[in-house]
1. Mind giving me the FRET efficiency for residue 20 and residue 165? R0 is 45 Å, r the Cβ-Cβ distance, nearest 0.05 is fine.
2. Give me the percent of accessible area attributable to carbon and sulfur for the chain, probe 1.4 angstrom.
3. Please work out whether the stretch 1-118 counts as rounded, prolate or oblate from its C-alpha gyration tensor, where a ≥ b ≥ c are the square roots of the eigenvalues and a/c under 1.5 means rounded, while otherwise a/b larger than b/c means prolate and anything else oblate?
4. Between residue 209 and residue 133, what FRET efficiency comes out of the Förster formula 1/(1 + (r/R0)^6) with R0 = 22 Å and r the beta carbon distance, rounded to 0.05?
5. If the chain between residue 246 and residue 34 were fully stretched, how many nm would it gain, using 0.36 nm times the residue separation less the Cα-Cα distance?
6. So how far apart, in nm, are the two label points at residue 41 and residue 92 if each is 7 Å from Cα heading toward Cβ?
7. Starting from the Cα of residue 254, move 7 Å in the Cα-to-Cβ direction to define the label point; list residues of the stretch 205-242 whose amide nitrogen is under 18 Å from there.
8. Could you give the distance between the Cα centres of the stretch 83-109 and the stretch 168-228, to the whole Å?
Amino acid sequence: MSTIDTLPPLREVIEEHGLAAKKSLGQNFLLDLNLTSKIARTAGSLEGYDIIEVGPGPGGLTRALLANGAESVIVVERDPRCLDALAQISNHYDGRLKVIEGDAMETDWQNLITRKTKIVANLPYNVATPLLTGWLGGEAWPPFFDSLTLMFQKEVAERICATPADKHYGRLGVLCGWRTHATKAFDVSREAFSPPPKVTSSIVHLQPRPEPLPCSIKSLETITRAAFGQRRKMLRASLKSLGGEALLEKAEIIPTKRAEEIDVAGFVRLANAL
Ligand code: SAM
């Protein structure tokens, strides 16, 4: 029995179902259900939402979401070895959990949901950033989710939340800052995982902005790729092929500035000037 439900402790679940962690699937499992409950609570109220979780593994976060009031949790897991353990959770919680075996990178999320949605996940490190940019990078906005509460390697979390003059500020910070209000909630030490990863992790909470400053995402990507691709150069040099000084003048940006000094509004002006 655990502290949050009457299901067996996660160590027993892993043992019983032979879930030895596979590095190729980014498997670092959280075994402390108090910690997974803290992650679930970071997402705010879970009632009335479909909660999507990517990569439930043995179900530590899944159980916390259900124990903390989620009425509908939909999980997508690539490792078939986890399915029996997840089916036990689904039985225990009277079908409030729907388990989908599949690859999150190929999942059509909007097809899975029936109402407003939050995404909460301890993401597999190898697909964490592409999943995030996929969720934030579509032309259509607002997105299908009300919030994202996600675990990343700490260094990636810092890039997500970075603002100008921060050494982690780059393309990811511009995308996340443009479309969301992103905050780091708390760090999670290596020792909390089994097996421990090489680095500290962090939980990030992203709240979509209802009306980000208007611009085409393709243009924004073109500008930030060029600007941060040569981040030590002045913008008049790094943006030369896109219009150089004339473009910068149109966007009212001083040509001797560097990418790391330009805020989201400045990049939006550049994208619109392009
Ligand atoms: N949520 C569990 C926890 O917190 O203990 C496990 C997290 S573990 C970091 C990542 C999980 O994602 C693993 O269960 C792994 O099998 C799964 N996974 C890896 N790649 C995936 C993919 N492309 N699509 C869906 N799940 C994936």
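1. The calculated FRET efficiency here is 0.50.
2. 49 percent
3. It is oblate, given that a/c is not under 1.5 and a/b is not larger than b/c.
4. Details: r = 16 Å, r/R0 = 0.74.
The calculated FRET efficiency here is 0.85.
5. Numbers: separation 212, 0.36 × 212 = 76.32 nm, distance 5.57 nm.
The residue 246-residue 34 span can extend by a further 70.7 nm.
6. Roughly 2.0 nm, to one decimal.
7. Only 232-239 pass the distance filter.
8. Result: 27 Å between the Cα centres.
The values are calculated or read from the model by the stated rules, or taken from the named source; none is laboratory data. Keep in mind the model is a prediction, meaning the values are calculated, not measured. Please note: Cβ atoms are built from the backbone with ideal geometry, for glycine as well, and neighbour counts cover all protein chains shown. Just the protein is used for accessible areas: all its heavy atoms, side chains included, with ligands, DNA and RNA removed. Shrake-Rupley method; radii C 1.70, N 1.55, O 1.52, S 1.80 Å.
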